[in-house]
1. Has segment 79-90 got any residue that is touching an Asp or Glu at 6+ places or on another chain (Cβ under 7 Å), under 29 Å from Pro52 (Cα atoms) and modelled with pLDDT under 95?
2. Working only within segment 46-80, note down all residues that are farther than 22 Å from Glu123 by Cα and over 17 Å from the mean Cα position of the chain (by Cα).
3. Are any residues in segment 143-157 among the hydrophobic types (A, V, I, L, M, F, W, C) and surrounded by 18 or more Cβ atoms within 10 Å (Cβ to Cβ), and if so, which ones?
4. Would you call Ala29 surrounded by fewer than 17 Cβ atoms within 10 Å (Cβ to Cβ) and aliphatic (A, V, I, L, M)?
5. So which of Pro140, Pro78 is within 28 Å of Ile41 (Cα to Cα), in contact with a His (Cβ under 9 Å, 6 or more places away or on another chain) and surrounded by 14 or more Cβ atoms within 10 Å (Cβ to Cβ)?
6. Test Asp110 against the stated conditions and say whether it is over 18 Å from the mean Cα position of the chain (by Cα), charged (D, E, K, R), modelled with pLDDT of 95 or more and over 20 Å from Ala149 (Cα atoms).
7. For the condition assigned to a loop (DSSP other than H, G, I, E, B), closer than 20 Å to Leu90 by Cα and modelled with pLDDT of 95 or more, what is the one hit in Arg154, Arg159?
8. Can you run down the residue pairs with Cβ atoms below 9 Å, 6 or more apart or on separate chains, where the first is in segment 158-174 and surrounded by 10 or more Cβ atoms within 10 Å (Cβ to Cβ) and the partner is basic (Lys, Arg)?
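The values are calculated or read from the model by the stated rules, or taken from the named source; none is laboratory data. Just so we're clear, the structure is a prediction, and the values are computed from it rather than from any experiment. Positions of Cβ are generated from backbone atoms using ideal geometry, with glycine treated the same way; all protein chains shown enter the neighbour counts.
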Amino acid sequence: MSISLYDTIIPTQLQIIGSVAALLDKAEAFCAETGRSEADIINARLRDDMLPFGYQVKCVAEHSIGAIEGVRSGTYSPDTGPFPEDFAGLRAKLVAATEALNEIDPAEIDGFIGQDALFSFGEMRIPFTAEKFLLSFAQPNFFFHATTAYDILRAEGVRIGKMDYLGKLQMKMG
């Protein structure tokens, strides 16, 4: 059995986006239980020189469907706009990414193989093939931001564990 580019990217992104959405639910419940404000959690950081929880969640969407859109256009430039300032806004970002990923035709993703893809940020330009961009840049960034969002919630005292991060596993059925 061969595995396609689509298979290596999209199902796992959907899995982890779902788990990050569930983390938002747990963060919201934590705020209700403890009296912490949404702003406290959304602006929480692991370290002063790291970006906050809200940014991490925004980047989960950015490095999933945003990366696909970048490959479609041939150039990916990160969205440097602000992140949503409430759980509803963060959730909406994840819902939009999920809906867009679910609409992708697997043949489109597989058709990206060999196409040029350029990462562009300020003066920086890094040339890739589409598959190398998706697998060596976008996907590691996607997991970095999902993990950092998880870690921030753990550091803030939200009761979550590894299975909360993993989300709904893609198990063999039957």
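1. Yes; the residues of segment 79-90 include at least one that is touching an Asp or Glu at 6+ places or on another chain (Cβ under 7 Å), under 29 Å from Pro52 (Cα atoms) and modelled with pLDDT under 95.
2. Passing the criteria: Leu46, Arg47, Asp48, Asp49.
3. Result: Ala146, Ala149, Ile152, Leu153.
4. Yes; evaluated as a whole, the condition is true for this residue.
5. Numbers: Pro140 fails: surrounded by 14 or more Cβ atoms within 10 Å (Cβ to Cβ).
Just a single option satisfies the conditions, and that option is Pro78.
6. Spelling it out, Asp110 is indeed over 18 Å from the mean Cα position of the chain (by Cα), charged (D, E, K, R), modelled with pLDDT of 95 or more and over 20 Å from Ala149 (Cα atoms).
7. Just one listed residue meets the conditions, Arg159.
8. Correct list of pairs: Val158/Lys26; Arg159/Lys26; Ile160/Lys26; Ile160/Arg154; Asp164/Lys26.
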